[in-house]
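Here is the structure we will look at.
The values are calculated or read from the model by the stated rules, or taken from the named source; none is laboratory data. What you are looking at is a predicted structure, and each value in this text was computed from that prediction instead of being measured. All Cβ positions, even for glycine, are placed from backbone atoms using ideal geometry, and neighbour counts span all protein chains on display. Accessible surface is based on the protein model in full, side chains and every heavy atom, while ligands, DNA and RNA are left aside. Shrake-Rupley method; radii C 1.70, N 1.55, O 1.52, S 1.80 Å.
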Amino acid sequence: MTSAPINPVNPILRGFNPDPSIVRVGEDYYIATSTFEWYPGVQIHHSRDLTNWTLVARPLARASQLDMRGNPDSCGVWAPDLSYKDGRFHLIFTDVKRYGRTTVDGAKGASLRDFHNYWVSSERIDGEWSDPVHLNSSGFDPALFHDDDGRSWLLNMLWDHRPDRRRFAGIIAQEIDLRSGRLLGQRRTIFEGTALGFTEGPHLYKRDGWYHLLVAEGGTERGHAVVMARSRSLFGPYEPHPDGPVLTARHSSDAPLQRTGHGDLVETPEGETWMAYLCGRPLPGSDRCVLGRETAIRRMQWGADGWLRCAEEPPVTDDATPPVVARDLFDGPTLPDAFQWLRTPYPEQIFSLTARPGHLRLFGRETIGSHFTQALVARRQTGFRYDVQTLVDFAPEHFQQAAGLVCYYNSSKYLFLHLTAADDGTRQIQVLSVLPIGEGQSLLTPAIPVPEGPIAMRVQVDHEALRFAFRGEGEADWTWLPERFDASLLSDEATLPGLPNFTGSFVGMACQDMAGTGRAADFRHFDYVETGDVVA
């Protein structure tokens, strides 16, 4: 068959889309990426040319498959692995229930974490995926390797929680029966990693009689790297690549793509090898990655010595090429594809698209910083400059009810422009900022009275600068709040000590009712436009 020209511009998946797993089935390429605490679980994009990608599935969409209520920030679905065998797609993933800061003795103490690894499958990528089969809970980043003798193997990193031990204890392998999901025999450690440490994200390939093991090492920050080793036996011993890391930006502080690592390989019909990998694009001023970890791709080549190396690098886009222009009217029965929510497998408890036709109704639930059930629906920030406008109809009765526009990273860092009520019952608008400054900072801007009726809300972001505005029904001009906020704090790098930060910035709509009465807010539209013409 004849393939389309491969001319990608990186990143190929912009905004929060980390830990790519790539597979080709015939002429079709698919990439699965992590979603952490965002529901439904796992994003799968499709392409015919490794260049243009479209979201086609979020397979973990039922309570029987995934329930993340109570999962801490940046836990949930980690590092899915997508493969194809015997007419079925196979998806392996981790549901992280506890991140586990060390309990005593600082970094040397016991680090207790809960990782549950599951397998689901489907005949169609966009079909109904099976209920999960629990595989093990020994570590994270599981993957399948289908050997040419017909046997399949489960790989994952091994977590050692014991005091004074190396947490990342190597890569283990165990045979799996793909008819039942039952693991066969005993697990075996096949690779303990290199001096970079933090050995995770395993993928295994077979070529010319060699088993090639690809892992992520160096941690997922600026020291991240893709490392390869090979062996004549699946169980090792594995010889590390003689050149060191196959892909890394750890020594290239001026590279446009930083944090490069956690890769996976795919071969084209013509025999070319490409690597999909994660990366981050720091803001030029603060050096923080508000877009989170994105997915890029690079051509690779096999040398005469049988080792894989990087070939030429595709160009890197700036944040406005191509810009996203999305004007979503909530006039259908389902949520537009760009949007997700947090943790709960019961979306009917937090929103409805039919209760008031032409609106997204959010039912006020727990605080938007809850780890259980909060009514927050949002989309990824995919560019450094954007303008969002929405229209909210909300009649709060008291200060415990609030609804509005939110720029959100996680429960410890967000900016919430919201309608609420003063003690005398009159409506007012203000911003609640919850930010990772010092031991944590929360502030309210001065309240501004607003008239009855729907209120338009707006946020403009230009790299580190963020401003909010509002206007009442029938008003022509926007009222810009005088406060300017630091958007770079909604990033992986800005954090409270000891907390995981593996996602990215979202912008969306939220409604909370701490009185427990479920006061609803109706949103008419949500316009997300990436542009260079902003006032922030």
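Worth a mention:
- Volume per residue for the chain equals 152 cubic angstrom (convex hull of Cα atoms).
- Averaging over all projection directions, the Cα-based convex hull of region 376-499 occupies 8.0 nm² in the image plane.
- Hydrodynamic radius of region 243-332 by the Kirkwood approach over all distinct alpha-carbon pairs: 15.4 Å.
- Loop-located GluC sites (Glu not before Pro) in region 331-426 (DSSP state not H, G, I, E or B) with no more than 15 neighbouring Cβ atoms inside 10 Å: Glu397.
- Cα convex hull volume per residue for region 352-400 (Å³): 141
- Computed in the context of the full set of protein chains, the accessible area of the chain at 1.4 Å probe radius has 48% of its extent on carbon or sulfur.
- Computed lengthening from Asp305 to His398, 0.36 nm per intervening residue step minus Cα-Cα distance: 26.3 nm
- Net charge over other residues, Cβ less than 12 angstrom from the Cβ of Gly197 (K, R count +1; D, E count -1): -1
- Region 16-80: proportion of alpha-carbon pairs further apart than 16 angstrom, %: 46
- The Cβ shell under 15 Å around Asn7 holds other residues with a net charge of -2, Lys and Arg each +1, Asp and Glu each -1.
- Euclidean distance of C-alpha centroids, region 177-227 and region 1-62, integer Å: 21
- Taking only the alpha carbons of region 93-186, we obtain Rg and Dmax values of 15.6, 49 Å in that order.
- The GluC sites (Glu not before Pro) of region 401-489 that DSSP puts in a loop, and whose beta carbon has at most 11 other beta carbons within 10 Å, are Glu439, Glu452.
- Only the Cβ atoms of Lys and Arg (+1) and of Asp and Glu (-1) were treated as charged; on that basis the dipole of the chain about its Cα centre amounts to roughly 1080 debye.
- Estimated FRET transfer efficiency (Asp208, Ala422; beta-carbon r; R0 51 Å; 0.05): 0.10
- According to the Cα-based calculation, Rg over Rh for region 1-139 is 1.04, with Rh computed by the Kirkwood formula.
- What the Cα convex hull of region 8-53 gives, in volume per residue, is 67 Å³.
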